[in-house]
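Taking it in order: structure first as C-alpha cells, then the write-up.
The values are calculated or read from the model by the stated rules, or taken from the named source; none is laboratory data. None of these values were measured; they are calculated from a predicted model. Cβ: placed from backbone, ideal geometry, glycine included. Neighbour counts: every protein chain shown. Accessible surface is based on the protein model in full, side chains and every heavy atom, while ligands, DNA and RNA are left aside. Shrake-Rupley method; radii C 1.70, N 1.55, O 1.52, S 1.80 Å.
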Amino acid sequence: MNLKKLLLNGRVLLLILVIVGSILTIIAQGITYGLDISGGVEITVQLEKPVDQSTMEEVRISLENRLNTLGVKDITLEPWGDQIIKIRVANVTEEEANSIIDTINRQGVFYAEFNGVIFATGADIKRVDQVSYEPREGAWIVPFSISKEAAEKFAQLALGKVGYPVDIFLDPPVNSTLIVSQEIYTLMNSNEFQFVPDAKPLPQRLKEAFNIDVVPYTNQSIDEIAKLAQGKEKVILVGVNGELESTLKNLGIKVERREPRAGEAADEFIRRILGLYGPYRLQEGLTTGEPHTELAISIGGSKEDIAAMRQAQVVSVVLRSGSLPVKVFVEGVNYIPPTLGEQFRKQVVQAGIVALLVVGLIVYLHYRKARIAIPVVLTSLSEVIAILGVAALIRWNLDLPSIAGIIAAIGTGVDQQIVITDELLGGRKKEKITKRSGVLKRMGRAFFVIWASATTTIVAMSFLFKFFVGGLRGFAFTTILGVLIGILITRPAYAEIAKVLLSEER
C-alpha cells in the first residue's frame, strides 16, 4: 500500500522520470570527458606582449577559427590574464596534437616572392580551395587565388623568365640574421633553390625581399656576430656551435637556435626555418605577360602520407584565417595519452562506488536503521545519474574537477538528507509522524536550512564559474547543477520517501 502511495506521489514520480530520462540520454548521446580522462593535449600559448581585453579576444577567436577548421572536436580556449591563452583539446592523438601546435605557431604572415621582389601578401589572397592530392606531381595541393593587382605585378616580373624559382613563404624570419653552417650555406646557394644560373640565389632573394642576412659560420668572434646583428630583430643559429647562444644572450641579443629533426633532410630543414614552400619552377605558360590569379602550394608525399596531408591542411587553415594581430608562441605542452585517461576513469568510478558505500555505512551506524541508510544512498546515486544525464544532454566535458564538483554536491546532499531525517525523527517523541501539521512544520524547518545552504553554495560557485577559468569552472558548474537538482528534485522526493518509511515505525 505504501509502495503504491510512493509511486503515485508527484515528487517521487518526478524523480523517477528524471532518472529514466537521464539514463536514456546517457545511452543515446554518451558522456564526453575532458582531456584529463579521455586523453588529449593542453597547450599554453604566450602572446609576444601583454594586450588589452579586446585584442586578447581577437587572438582567441582567430586561433579558435583555425583549429575548428582542422576538424578538431572538444576544444576550449581560455585567456589567462593579458598574455596567456590555455588551449585544451580532448580526444586527439599525438600526431593530431602536433598539427594543432604547428597551426598555433603559424602567425599566418603570407608572402609570395619572385627573384627578390614580393608580389603578393596575405591581403591579396581572395580564395582558398579544398586540399587535394595530385598523383602526377606526387604531392598534396593547396590551391588559392590572388588579387588581380598581385597577378599583374607577377606577370610583369616573370615575363620571359622561364625556369626561374617562385617562392611562397608563411612566417619568414623577417629582418633577422641567420648564422648557418657551411654545409647549409652551400646548399642554399645551390641549384636546389636557384634552378637557373641567371636567377638570384636564395640568400640574395631573402636579403632583398625580407632583409634576412644569411652568414656562413667560420668561427667569427662574438663581437663580429654582434655587429652583424645590429638593427636586426633576432639572430638565428642554424646548425652551428651551441655555445654561441648563451654568449649572445648575455649581450642582450635575441637569439634562437634551430637544429634538424631526426631524419630531416637538409633542404627540408632550410625550408622549415624559412617558412618556405617551393621554390616552384616557373613554367613557360606563366612567362607571357598574361596575369594569372590562380596559384597553389604543393607539399610532396604519397597519398597515404598522413604527415604531408596534415601539413597541407595546416597551410590551408592559415591561408584562410590570415595573420594574427600579435605574435604567439607555444610556451608549454602537456599531452595525456588516452590509456592514462582510461585509468583515471576506472579509478574515478571505483572511488565513487566506494564513497557511496562508505556514506551508506556511516548513515546506518548513526541511525541503526537500514530503511534510512538505503534511501540515502539510492537518492545520492539518483542525483549522480541526473547530473550525468544533464551533462550528456548539453555535451559538457567531464574532467576531474567536474567530477570533484559532483562529489561535493553529493556530500552536500547527504548533509541535507540527514537534516530532513533528524527533523522527522526529532518530532516523534511529542507527536505522531503521520500528523500532517507536525510533518509540515518540521519539513518547513528542514527546507529552510536546505534552501539557505543551497543559496550560499550557488552564489559562491557562480562567482567561480563566471570569473575564473580552467578546472574551477568545471567544478563550479557541476556543483551548482548538483545543488539545483537536489533542492528541486531529489530532496523533496527523499522527504516524501522518509515520511512514509518512518511512519511505519510506531
Just give me the residues in the stretch 370-384 being open to solvent by 40 Å² or more (accessible area, probe 1.4 Å) and either in contact with a helix residue (DSSP H, G or I) (Cβ under 8 Å, 6 or more places away or on another chain) or assigned to a loop (DSSP other than H, G, I, E, B) (or both), in sequence order. 370, 371, 374, 381
Are any of the residues in the stretch 9-31 in contact with a strand residue (DSSP E or B) (Cβ under 9 Å, 6 or more places away or on another chain) and outside any helix (DSSP H, G or I)? yes
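Of all residues in the stretch 385-403, count the ones that are open to solvent by 10 Å² or more (accessible area, probe 1.4 Å) and of a type outside the set (A, V, I, L, M, F, W, C).
Step one: list which residues in the stretch 385-403 are open to solvent by 10 Å² or more (accessible area, probe 1.4 Å), which gives 385, 388, 390, 393-397, 399-401, 403.
Now narrow it down to the ones that are of a type outside the set (A, V, I, L, M, F, W, C): 395, 397, 399, 401.
Counting residues in the stretch 385-403 that are open to solvent by 10 Å² or more (accessible area, probe 1.4 Å) and of a type outside the set (A, V, I, L, M, F, W, C) gives 4.
For (1) modelled with pLDDT of 55 or more; (2) more than 23 Å from residue 488 (Cβ to Cβ); (3) surrounded by fewer than 11 Cβ atoms within 10 Å (Cβ to Cβ), each residue gets a yes or a no:
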| residue | (1), (2), (3) |
| --- | --- |
| 428 | no, yes, no |
| 454 | yes, no, no |
| 457 | yes, no, no |
| 467 | yes, yes, yes |
| 470 | yes, yes, no |
If you scan the stretch 238-248, which residues turn out to be surrounded by fewer than 16 Cβ atoms within 10 Å (Cβ to Cβ) and free of Cβ contacts under 8 Å to residues at least 24 places away in the same chain? 242, 243, 246
Is the stretch 376-394 home to any residue that is over 30 Å from residue 347 (Cα atoms) and either modelled with pLDDT under 80 or not polar (S, T, N, Q) (or both)? no
Here the residues within the stretch 83-117 that are surrounded by 18 or more Cβ atoms within 10 Å (Cβ to Cβ), among the aliphatic types (A, V, I, L, M) and more than 20 Å from residue 328 (Cβ to Cβ) are 90, 112
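Being among the β-branched types (Val, Ile, Thr) and within 20 Å of residue 407 (Cα to Cα), is that true of even one residue in the stretch 344-351? Write out each step before concluding.
Our first condition is that a residue be among the β-branched types (Val, Ile, Thr); within the stretch 344-351, this holds for 348-349.
With within 20 Å of residue 407 (Cα to Cα) added as a condition, the list becomes 348-349.
Yes; the residues of the stretch 344-351 include at least one that is among the β-branched types (Val, Ile, Thr) and within 20 Å of residue 407 (Cα to Cα).
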May I ask you to list the residues in the stretch 146-184 that are of a type in the set (A, V, I, L, M, F, W, C), under 29 Å from residue 233 (Cβ atoms) and over 38 Å from the mean Cα position of the chain (by Cα)? 154, 157
I'm checking my understanding of the structure. Among residues of the stretch 257-276 that are open to solvent by 40 Å² or more (accessible area, probe 1.4 Å) and in a strand (DSSP E or B), which one is nearest to residue 300 (Cα to Cα)? 258
So which of 230, 156 is in a loop (DSSP other than H, G, I, E, B) and surrounded by fewer than 17 Cβ atoms within 10 Å (Cβ to Cβ)? 230
Filter the stretch 39-59 down to residues that are over 12 Å from the mean Cα position of the chain (by Cα), part of a strand (DSSP E or B) and among the hydroxyl-bearing types (Ser, Thr, Tyr), then give me how many there are. 0
For the stretch 71-78, state whether one or more residues are closer than 24 Å to residue 346 by Cα, modelled with pLDDT under 85 and of a type in the set (Asp, Glu). yes
Against the condition open to solvent by less than 10 Å² (accessible area, probe 1.4 Å) and in contact with a helix residue (DSSP H, G or I) (Cβ under 6 Å, 6 or more places away or on another chain), how does residue 146 come out, does it pass? yes
Residue 362 being open to solvent by less than 40 Å² (accessible area, probe 1.4 Å) and either in contact with a Pro (Cβ under 9 Å, 6 or more places away or on another chain) or assigned to a helix (DSSP H, G or I) (or both): no
Tally the residues that are under 20 Å from residue 305 (Cβ atoms) and either part of a helix (DSSP H, G or I) or without any contact (Cβ under 8 Å) to a residue 60 or more places away in the chain (or both), restricting the search to the stretch 131-153. 2
Top-ranked residue of the stretch 185-227 - restricted to ones that are modelled with pLDDT under 95 and part of a helix (DSSP H, G or I), ranked as most open to solvent (accessible area, probe 1.4 Å): 227
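Check whether at least one residue in the stretch 283-294 is surrounded by 14 or more Cβ atoms within 10 Å (Cβ to Cβ), at pLDDT below 85 and over 26 Å from residue 49 (Cβ atoms), and report yes or no.
Scanning the stretch 283-294 turns up no residue that is surrounded by 14 or more Cβ atoms within 10 Å (Cβ to Cβ), at pLDDT below 85 and over 26 Å from residue 49 (Cβ atoms).
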Among (1) open to solvent by less than 30 Å² (accessible area, probe 1.4 Å); (2) modelled with pLDDT under 95; (3) under 22 Å from residue 107 (Cα atoms), residue 171 falls short only on (1)
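Here is a yes/no grid of residues against (1) hydroxyl-bearing (Ser, Thr, Tyr); (2) in contact (Cβ under 8 Å) with a residue 40 or more places away in the chain; (3) within 22 Å of residue 128 (Cβ to Cβ); (4) in contact with a strand residue (DSSP E or B) (Cβ under 8 Å, 6 or more places away or on another chain):
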residue	(1), (2), (3), (4)
232	no, yes, no, yes
250	no, no, no, no
261	no, no, no, no
265	no, no, no, no
290	no, yes, no, no
296	no, yes, yes, yes
331	no, yes, no, yes
334	no, yes, no, yes
